[in-house]
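Have a look at the structure below before the remarks.
The values are calculated or read from the model by the stated rules, or taken from the named source; none is laboratory data. No experiment lies behind these values; they were computed from the predicted model shown. Please note: Cβ atoms are built from the backbone with ideal geometry, for glycine as well, and neighbour counts cover all protein chains shown.
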Amino acid sequence: MRIVIAEDQVLLRDGIARLLTGAGHAVVARVGDGHALIAEVNRQRPELVLADIRMPPSYSDEGARAVLHLRERFPELAVVMLSQVVEPGLVAAVTGGAARRFGYLLKDRVLDTAIFLEQLAMVAAGSTVIDSEVVAECLRQEARRLNGLTEREVEVLRLVAEGRSNAGIAAALVISRRTVEAHLRSIFGKLGLMADPEDNQRVLAVLNWLSESR
Amino acid sequence: MGTRGSSLPGAQPAGPVVAGPGLAGPVLAGTVVAGAGLVAGIVALRVPWPADLGFTLHPAILGLMLCAGVGCTLLAGWSDARWPVRVALWVLGLTTLAYPTLLGLADAGPALALAAMTGHVLPLTMVNLLPILAISAVTGRSRRRWMLAIGVLLGTSILTQVFQALAVLGSAAWLGNFALPMIATWPLVRGTGGVLRRRAIVCGLASVLPVAIIALCLTLGIADSTLHLGSWSVEALMIGFSLAVSTTAALVWAATTARETWLLRTPVVLGLLGGVLAVVTVIVALGAGLALLAGSSRAPLALGVGIVLTVGVGLAAVRLHGWAARQIDPAAEFAAELAMLGEVSGERRLAVQQVLRQLIGDPGLAVLVRTSDGVWVDPAGAERTPPAESIRLAGPTEQPTAVAVGSAPESAGRLRLLGDCGQLLEDAILEASVQREAARADAAAVAERHRLSRDLHDGVQGRLLGITLNLQLSGEQLADPTARLLVAETVDALRNAVEEVRSLGDGRVPAILVDGGLGPALTHLVRPLAAVTELRLPPRRYPPELEACAYFVVGEALANAVKHATAQNIGVRVEELAGGDVVRVLVVDDGVGGADPRLGSGLRGIAERVSASGGLLVVREGVPGGTVVEATLPCGPAPS
């Protein structure tokens, strides 16, 4: 897989590049800011972009803005955003109505190398992956609005928001796929979500619902 | 003595200095003229009482009239009002001063006899004109038409005296002159505020009090003639005249002088108003009773009617007085309402706003206060620029310190009535400044923390992460199993460090701990853990550092018990020891045991945290098995 890495911390950037190269991917460009990221994506047309949210010069959301810019022009480009801290509001802002081929992970996850590589592959294949910390933070902030859900339903919702498939949820909770589907219907009914529980876009629906109050 | 008496009118134009050079001149003139008038009057007293007048006056009454004249003249000299008021005061003083002398000298010739018979006309006309002149001076609004009306009625009254048949009309016109000042002054009281309002009300009182006094004395005169008590109806009238003239002069002088006089104090104004109302009550009741007595001569009936009327009119007067009290001094009511709220430290501006909303009857009213750094804030502390139509509540006109912004069109007028509430709002304004200062310090602390956390995240944390990742990748390529293990342990330690840096930078103590304390926070923490079978928590709150420390101890101990010890039953206890001086945190599990703070970096971190807060952490084997994590934390200030 052809990958562009945008990360201003050289040590970390090189580490990630080493990890990816070791796993058989081609790191076609390594950049340190948003402008360079857009330029390199233009030139290299990678399949996946791995971008830090905060980069120079202002260290606020250059990465996020560059990614937004790119996703509008290259809808098929898979993007995984890396963040040092949990910023739940940022997900909805960056996905901007399309959560396919999108990932949002804490930087610490790169240390769990096997899982990290798997998550990159999932995003490149079209899935959505949201860091469980981010989802947990979203759910914490929304605790009151989730009062109507049972504990099990909240768990299922969290896994949906993380981008798991029905099969993945069933495996994680050790329940049957039928039970997962029943839970999903109940959740979507209670929250008033219009998305089809079977659709991949349900992740977006859940994330948008979670970010509504902000 | 004729020369003295006739010399008085001559002194009149010399007295009032229209464009006077300071006050010393007029004061001196007033004193000299008053002294001269007094001497003239006393000399006139010694002249035998004229036979043609048809009534006699006791020398004491004449003395009272003389005193009234002296008083008015002195006030005229002392006045610093605008010239129309001063001229009128002078005319009043001089004519009043001359009146008893003229009466005593009525025998001296037909001209003096006429002057004696009409001596009351000029001073009483001044009594009518002065309140109107005064309120014009106070409010700056012209009332010329009303003064003209008084002149016309006076002319009518004098003209009709020529035709005996029209005498009733003349009397009506003369009485009408006493009603006009009231109609002319009171409407102008509306729309004034603060001290100006009290001055305007004093002008209004100056239009009512003389009428009330004269009416009372008239009634007493009628009582005298009805009840045949003697023959002092004319004397009662003259007492009324003297009192009315001096009251008018005093009130007008107080209302128009630039000096702050006790006559303008709220209790005095309210007392005068109460006096007027009492006099009106007495007049109505007495008048009605006397009228009945004169008609039917049935004393019990007259007494009954008098009592009923006294009670009825008296109650109405009391209600009117209460209403007037609020009208005269809305700020006093504001103060009373605020005082009723009691101590509202920390919420003073909100209290002020709440009370004002009720007083003004405007639920959308807002009170804005200027803080010491020149920024306007609302009671919630939010910055807000006062709009142009806001009404000043405190501070100088050009640079107010507190304003009110009404949401209804009639609020502005009502707010203006309050005048300057500086003293009432002093605390609230100070509080706003203090709170803003505190908020600024808070904001600075938050900004600093934010900067620190960004430095940590974007600097230290990223670099640590890079090192860890590189070390981890390098370790995987090592052939020597011992070296690999060593590297893996180092990577673990580094990961913990990364984790710690993050939580440090976030500075995040769970919101539930900050808001609810240990009880709710720990309950929330253990909820997903089925293994926690015992949970004993204190109902009370502790200092934030202690709560945070205890929370992290329990968190780490639980993580240890679940992850490494595979415990089935975990007990969590937080309890007070040694009479509340020490809090013990106890986490007991029945797992495999073997936990040691020297090995796990998590427990080590907690041990450091506990010792930093002056406590002790003990991790030991449980009996019969498992692990016991025990932290004792000092509660309250550490012993020095």
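Every residue, every condition in (1) in contact with a strand residue (DSSP E or B) (Cβ under 7 Å, 6 or more places away or on another chain); (2) of a type in the set (A, V, I, L, M); (3) surrounded by fewer than 19 Cβ atoms within 10 Å (Cβ to Cβ), yes or no:
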{"residue": "B:Thr219", "(1), (2), (3)": "no, no, no"}
{"residue": "B:Ile222", "(1), (2), (3)": "no, yes, yes"}
{"residue": "B:Thr226", "(1), (2), (3)": "no, no, yes"}
{"residue": "B:Ser246", "(1), (2), (3)": "no, no, no"}
{"residue": "B:Trp262", "(1), (2), (3)": "no, no, yes"}
{"residue": "B:Gly271", "(1), (2), (3)": "no, no, yes"}
{"residue": "B:Gly275", "(1), (2), (3)": "no, no, yes"}
{"residue": "B:Thr281", "(1), (2), (3)": "no, no, no"}
{"residue": "B:Leu292", "(1), (2), (3)": "no, yes, yes"}
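Among the residues of region B:457-465, at least one is within 12 Å of chain A (Cβ to nearest Cβ), among the polar types (S, T, N, Q), out of contact with any Phe, Trp or Tyr (no Cβ under 7 Å at 6 or more places or on another chain) and touching a residue at least 24 places away in the same chain (Cβ under 8 Å). If you go through region A:1-20 and keep only what is in contact (Cβ under 8 Å) with a residue 40 or more places away in the chain and facing another protein chain (nearest Cβ under 10 Å), you end up with A:Glu7, A:Asp8, A:Gln9, A:Leu12, A:Gly15, A:Ile16, A:Leu19.
Does region B:294-315 include one or more residues that are among the small types (Gly, Ala, Ser), surrounded by fewer than 15 Cβ atoms within 10 Å (Cβ to Cβ), within 30 Å of the chain's Cα centre (by Cα) and more than 21 Å from B:Ala212 (Cβ to Cβ)? Within region B:294-315 (the criterion being among the small types (Gly, Ala, Ser), surrounded by fewer than 15 Cβ atoms within 10 Å (Cβ to Cβ), within 30 Å of the chain's Cα centre (by Cα) and more than 21 Å from B:Ala212 (Cβ to Cβ)), the answer is no, since none of the residues qualifies. Selection of region B:521-574 for residues being of a type in the set (Lys, Arg) and part of a helix (DSSP H, G or I) yields only B:Lys563. So, in region B:468-482, of the ones that are facing another protein chain (nearest Cβ under 7 Å) and not aliphatic (A, V, I, L, M), which residue ends up surrounded by the most Cβ atoms within 10 Å (Cβ to Cβ)? Ranking the candidates gives B:Thr468 first. Could you tell me whether A:Arg54 is within 14 Å of chain B (Cβ to nearest Cβ), part of a loop (DSSP other than H, G, I, E, B), of a type in the set (D, E, K, R) and touching a strand residue (DSSP E or B) at 6+ places or on another chain (Cβ under 9 Å)? Yes. Scan region B:142-154 and give yes if some residue there is over 25 Å from B:Ala172 (Cα atoms), polar (S, T, N, Q) and surrounded by fewer than 24 Cβ atoms within 10 Å (Cβ to Cβ), otherwise no. So far as region B:142-154 goes, yes, one or more of its residues are over 25 Å from B:Ala172 (Cα atoms), polar (S, T, N, Q) and surrounded by fewer than 24 Cβ atoms within 10 Å (Cβ to Cβ). Are any of the residues in region A:21-28 within 24 Å of B:Arg463 (Cα to Cα) and either at the interface with chain B (Cβ under 10 Å from one of its Cβ atoms) or part of a helix (DSSP H, G or I) (or both)? Among the residues of region A:21-28, at least one is within 24 Å of B:Arg463 (Cα to Cα) and either at the interface with chain B (Cβ under 10 Å from one of its Cβ atoms) or part of a helix (DSSP H, G or I) (or both), which makes the answer yes.
The set of residues in region B:574-591 being modelled with pLDDT of 80 or more and farther than 14 Å from B:Ala550 by Cβ consists of B:Asp581, B:Val588, B:Asp589, B:Asp590, B:Gly591.
The residue that is modelled with the highest pLDDT, among those in region B:509-527 that are within 12 Å of another protein chain (Cβ to nearest Cβ) and surrounded by fewer than 14 Cβ atoms within 10 Å (Cβ to Cβ), is B:Arg527. Residues in region A:168-187 that are under 19 Å from the mean Cα position of the chain (by Cα) and at pLDDT 85 or above: A:Ile169, A:Ala172. B:Ala179 falls short on exactly one of the conditions (1) over 30 Å from B:Leu263 (Cβ atoms); (2) out of contact with any Lys or Arg (no Cβ under 9 Å at 6 or more places or on another chain); (3) among the small types (Gly, Ala, Ser), and that condition is (1).
In region A:60-97, of all residues being part of a loop (DSSP other than H, G, I, E, B), closer than 22 Å to A:Glu40 by Cβ and among the small types (Gly, Ala, Ser), the one that is modelled with the highest pLDDT corresponds to A:Ser60.
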